[in-house]
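The values are calculated or read from the model by the stated rules, or taken from the named source; none is laboratory data. Worth saying up front: this structure is predicted, and the values here are computed from it rather than measured. Neighbour counts are summed over all protein chains in view; Cβ atoms, including those assigned to glycine, are modelled from backbone coordinates with ideal geometry. These area figures cover heavy atoms from the full protein model, side chains too; ligands, DNA and RNA do not enter into them. Shrake-Rupley method; radii C 1.70, N 1.55, O 1.52, S 1.80 Å.
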Amino acid sequence: MYTELAIGLVMSFGMIGPGIGLGFLVGKALEAIGRNPEATSKIQTNMILGLAFTEAIAIYALVVALILKFV
């Protein structure tokens, strides 16, 4: 019973941060592209790299939840 609660808490708290971070990151990248369209490729490359690192945090939360589920 407590394991399911722990899994739910890990996934919910583990997804809040990356969700906010992804929205903030994309929003700021779009603002930067709007201000300087010539730098789109450079900004987009850095944005995609930042998205990958931010999404990795969510994957860590998923891994912890799976460990709690099956151990």
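Scanning the range 4-15 for residues that are loosely packed, with under 12 Cβ neighbours inside 10 Å and in contact (Cβ under 8 Å) with a residue 24 or more places away in the chain yields a single hit, Phe13. With respect to Ala56, determine if the residue is exposed (fewer than 12 other Cβ atoms within 10 Å of the Cβ) and within 15 Å of the chain's Cα centre (by Cα). The answer is yes for Ala56. It is to be established whether one or more residues within the range 16-30 are at pLDDT 95 or above, open to solvent by less than 40 Å² (accessible area, probe 1.4 Å) and in a helix (DSSP H, G or I). Checked the range 16-30: at least one residue is at pLDDT 95 or above, open to solvent by less than 40 Å² (accessible area, probe 1.4 Å) and in a helix (DSSP H, G or I).
Per-residue answers, yes or no, for (1) within 11 Å of the chain's Cα centre (by Cα); (2) of a type in the set (A, V, I, L, M):
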site	(1), (2)
Gly8	no, no
Phe13	no, no
Ile16	yes, yes
Gly19	yes, no
Thr40	no, no
Ala65	no, yes
Phe70	no, no
